[in-house]
1. Mind counting the residues in the range 1-39 that are without any contact (Cβ under 8 Å) to a residue 40 or more places away in the chain and touching a helix residue (DSSP H, G or I) at 6+ places or on another chain (Cβ under 9 Å)?
2. When both residues are 6+ apart or on different chains and their Cβ atoms are under 8 Å apart, which pairs have a first residue that lies in the range 64-77 and is at negative phi and at pLDDT 90 or above, and a second that is surrounded by 15 or more Cβ atoms within 10 Å (Cβ to Cβ) and assigned to a loop (DSSP other than H, G, I, E, B)?
3. Go through the residues of the range 85-101 one by one and say whether even a single one is surrounded by 11 or more Cβ atoms within 10 Å (Cβ to Cβ) and modelled with pLDDT under 95.
4. Taking the range 62-82 on its own, how many of its residues are in a helix (DSSP H, G or I), closer than 26 Å to residue 27 by Cβ and over 12 Å from the mean Cα position of the chain (by Cα)?
5. Any residue in the range 26-38 that is within 13 Å of the chain's Cα centre (by Cα) and within 30 Å of residue 85 (Cα to Cα)?
6. From 50, 58, which residue is in contact with a helix residue (DSSP H, G or I) (Cβ under 9 Å, 6 or more places away or on another chain) and surrounded by fewer than 12 Cβ atoms within 10 Å (Cβ to Cβ)?
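The values are calculated or read from the model by the stated rules, or taken from the named source; none is laboratory data. Just so you know, these numbers come straight off a predicted model, no measurement behind them. Ideal geometry is used to build each Cβ from the backbone, glycine not excepted, and the neighbour counts take in all protein chains shown.
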């Protein structure tokens, strides 16, 4: 019997707290893995976790792949990494980058 499932394959945490998540789209034949494709997602500090997972699952559905359902595991890691201090620092970094970009824009 052919089965597919989507699992967390790898998580990388950047210095600003952004989580790069590599999902494994695993294909099993009678319980034995026969193929694995990769799909990436990113979780920035303060980002809507449920909304991001929903968008990823919509993308997987368009690809006719199994939905990602192990959200409890990933959310528990995000909750540890995305502390209030990390979220505040990330938001300050993004605001500073936006202000710098706007300062370089010519006034029309």
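1. Here the count works out to 1.
2. none
3. Kept after step one, since they are surrounded by 11 or more Cβ atoms within 10 Å (Cβ to Cβ), are these residues of the range 85-101: 86-91, 93-94.
When the remaining residues are screened for being modelled with pLDDT under 95, the result is 93-94.
Within the range 85-101, one or more residues are surrounded by 11 or more Cβ atoms within 10 Å (Cβ to Cβ) and modelled with pLDDT under 95.
4. 3
5. no
6. On the way: 58 fails: in contact with a helix residue (DSSP H, G or I) (Cβ under 9 Å, 6 or more places away or on another chain).
After ruling out the rest, the residue left standing is 50.
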